[in-house]
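Notes for the one structure printed next.
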Amino acid sequence: MARTPGARNYNFDAKRLALLDSVINFALSGEIQRPSLRQLALAAETSEPTLRHYFTDRKGLVIAMIVELGERAQPIWQQLEEPAPSVEEAVAACFRHAVARMEDDIFVRMHAFGMVEGMAEPDVGQAYLEHILEPSMDCVCRKLAGTPGSPTDGNEIRIAAIAMFSPVIMMSLHQHLLGGRAVAPLDNQSAVEQLSNWLGGAIAETA
């Protein structure tokens with residue numbers, strides 16, 4: 001019996017996830033670009049109509065990729081949520097975690113992909129904020145909020161999280177994707193230690 005037009009096949013979710021896995025692997029390898037739907041279909045060894053069946057259009061596919069990347073990153077973010085004995089120790093723990101993430105090529109490319117796609121398409125930008133960027137900063141906010149000596153104002157905590165997160169992203173893009181390792185190499189360890197000392201003291205003083 002033929003399937004009703006628009007109806008899902010019995011293993012729809014499994015096939016959709018397999019397609020996402022293929023296009024994510026393609027998008028996060030090689031040069032950072034905005035691949036066409038045809039390029040994504042070729043990478044997944046499928047057809048454009050098949051991708052449209054599962055994701056409607058290119059924008060729907062890219063948003064689904066970002067949502068999936070956010071889900072995959074959840075365990076990484078959750079590692080940071082535990083409060084620390086002091087603000088300085090909380091900030092130091094965040095930056096120790098950052099060193100590992102800065103050496104993770106997939107982490108850097110995930111953010112670069114989200115930014116490139118998000119700045120070109122507002123709906124994708126909102127998805128990147130909702131599923132990747134904001135959750136990563138929220139875990140830092142929760143860590144600070146539960147740490148003795150942290151600011152009590154939620155807006156101040158959020159600004160502190162942005163102050164910690166921004167240089168990590170900038171340094172990662174600078175060194176990994178913009179050729180900084182060859183032009184102006186940085187010692188990630190010493191850089192984050194200096195940032196940790198500056199910001200840890202500054203946040204504690206303003207609390």
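Key figures
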{"quantity": "Point-to-point label distance, SER36-GLU134, nm (Cα→Cβ direction, 7 Å offset)", "calculated": "3.4"}
{"quantity": "Full-extension gain in nm, GLN189 to SER47, via 0.36 nm per residue minus C-alpha separation", "calculated": "46.6 nm"}
{"quantity": "Virtual spin-label span in nm between ASN11 and GLU81, 7 Å along Cα→Cβ", "calculated": "3.4"}
{"quantity": "Förster-model FRET efficiency, 22 Å R0, ILE162 and ARG96, C-beta, rounded to 0.05", "calculated": "0.70"}
{"quantity": "Volume in Å³ per residue [convex hull over Cα atoms, computed for segment 62-206]", "calculated": "100"}
{"quantity": "FRET E, pair ASN197, ASP104, Förster distance 35 Å, beta-carbon r, rounded to 0.05", "calculated": "0.90"}
{"quantity": "Chain lengthening between LYS59 and SER22 when straightened (0.36 nm per residue, less Cα-Cα)", "calculated": "11.7 nm"}
{"quantity": "Full-stretch length increase - SER29, ARG181 - with 0.36 nm per residue and alpha-carbon distance subtracted", "calculated": "52.9 nm"}
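Bear in mind that the values in this text are calculations on the coordinates, not laboratory data. Keep in mind that this is a model prediction, so the values were computed, not measured. With ideal geometry, Cβ positions are generated from the backbone for all residues, glycine too; neighbour counts draw on all protein chains shown.
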